[in-house]
Structures are given as structure tokens and as C-alpha cells.
Amino acid sequence: MSIFKNFFKKSSDTDLIAGTGNERSKYMPDEKPPLDEEFIHNFQHQGGRFLYAIDEKEIQQHFEDILVEHDYFEKDILCYDEGLSKRFDDFNLNYTSSNLKADFFLSTCEFIIANNGALLFSSRQVKETKPSELPETYVILASTSQIVESIGEGLRGIKHQSKGHIPTNITTLKNFKEATAKQEKDLMHYGAPHKRLYLLLLEDL
């Protein structure tokens, strides 16, 4: 799975075999885009900010760009993952595992959900904290191998990986746009946290 290859691929013989344009029968089912394209479309539609990287060097550069954009240097960063705090240890940040008022939340996630652009978390990333209690800005590190089609597939993945010790506080997050005044009054949006989210997505397939 290569995101850029999917985005910038040129027409080829395989396109003709599959049938495109007028050659495609109206009775054939709609072609479903690859999972990476489906996720990126839905994620950005939700207001998420997507940063793709092919190696660790690009991950580090994207992370620095976020810090520069918001002047996060020497600020408190909420991070429950010691491995992540060590991974980004060269940026003069104050890592904390207790200050919920930190400038942003740095974490991984369980899975990336293609069909609605959401991210799936559990207590392994957020402990027992509710999304509404965490900082308004998330910086999430994930890889392309974590992209799955649906929440159900993600839940099955968590169960498979957990080997009998299923984590608690499993939750999805997909509101990445600033809430409008109308939405704040709408019962359908009441209590749903709106987060500014940066996704650092590393190609590993």
C-alpha cells in the first residue's frame, strides 16, 4: 500500500481491464478506493491534518514543523508513552503524564478507520482519561499498516492483539473541526469533543 502511488498513479493497462469511463457497465458495483485513499479523504473531510512520511527522518521533520507552527518549544506536552517521549527527545519539550492542561497530547493509536476517517484509541494510549479531558490538540503517530476498513475490524484487531487482556476505555475520535455555534446547540453534537488533530503517518507497507 503506497499512498502517493495511489494518488499520483497514471492510467495503465490494469485500468482498461477493470473498465473505466464509458467502458464500465452501469450494472457493475461502484469501485471502492484503496483503504489509504478512503481514509485520507474521510479524515481530511473531518478536519484532520495529515502528514505523510516514508521514514523516521520525515517523521522528525513533520514533528518539528508542528512545534514551529504553534511555538510549542519549552511547553508542557502530555504523553503517556515513554517510548514516544524518548523518540522526540531532542526538541526541548517538557513531557508530563499528569498535566491535562498541557499544550498538546502526543500519542499513538490502536487503529485508523478508513470508512469514517476516525482514530481508534484504548486505555493503552489514553489510560482512563476521557477525550474531552485531554488537551485540545492531538499529535498522533501511526503507520499505514494500522489502517482498517471499519470500527468492527479495528475492535477485532484489538481483541486479537490483546491475547485475553483486552484494554479498557476503547473509544473513537473523529471530530477535528472547530464546532460552530449551531453545532454547539445541536443535541447531536452536544458533548462531542472537537479536537485539532495532526496525524503523522509512516509508510510501513
| said: Tell me whether region 61-79 contains one or more residues that are modelled with pLDDT under 95 and not charged (D, E, K, R). | reply: no
| task | Please work out which residue is nearest to Leu202 (Cα to Cα), limiting yourself to region 58-101 and to residues that are of a type in the set (A, V, I, L, M, F, W, C) and in contact (Cβ under 8 Å) with a residue 60 or more places away in the chain. | result | Ile59
| task | Tell me which residues, restricted to region 131-177, are more than 17 Å from the chain's Cα centre (by Cα) and either more than 21 Å from Asn116 (Cα to Cα) or not polar (S, T, N, Q) (or both). | result | Glu133, Arg156, Lys159, His160, Gln161, Ser162, Lys163, Gly164, His165, Ile166, Pro167, Thr168
| request: Search region 161-175 for residues that are closer than 19 Å to Leu199 by Cβ and among the aliphatic types (A, V, I, L, M) and pair each with any residue that is surrounded by fewer than 17 Cβ atoms within 10 Å (Cβ to Cβ) and at pLDDT below 95 when their beta-carbon atoms are under 9 Å apart and the residues are at least 6 apart or on different chains. | output: Leu173/Pro193
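Conditions (1) in a loop (DSSP other than H, G, I, E, B); (2) charged (D, E, K, R); (3) more than 29 Å from Glu38 (Cα to Cα), marked per residue:
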{"site": "Ser85", "(1), (2), (3)": "no, no, yes"}
{"site": "Asp89", "(1), (2), (3)": "yes, yes, yes"}
{"site": "Ala102", "(1), (2), (3)": "yes, no, yes"}
{"site": "Glu128", "(1), (2), (3)": "yes, yes, yes"}
{"site": "Lys159", "(1), (2), (3)": "no, yes, no"}
{"site": "Thr168", "(1), (2), (3)": "yes, no, no"}
| request: Scan region 104-126 residue by residue and report those that are in contact (Cβ under 8 Å) with a residue 40 or more places away in the chain and part of a loop (DSSP other than H, G, I, E, B). | output: Glu110, Ala114, Asn115, Asn116, Gly117, Ser122
| query | Going by the conditions given, is Tyr95 at pLDDT 95 or above, crowded, with 18+ Cβ neighbours inside 10 Å and part of a loop (DSSP other than H, G, I, E, B)? | reply | no
| Quick check: is even one residue across region 25-42 closer than 23 Å to Glu133 by Cα and modelled with pLDDT of 90 or more? | no
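The values are calculated or read from the model by the stated rules, or taken from the named source; none is laboratory data. Note that the coordinates shown come from a computational prediction; the quantities given were computed from them, not determined experimentally. Note that we place each Cβ from the backbone using ideal geometry, even for glycine, and neighbour counts take in every protein chain shown.
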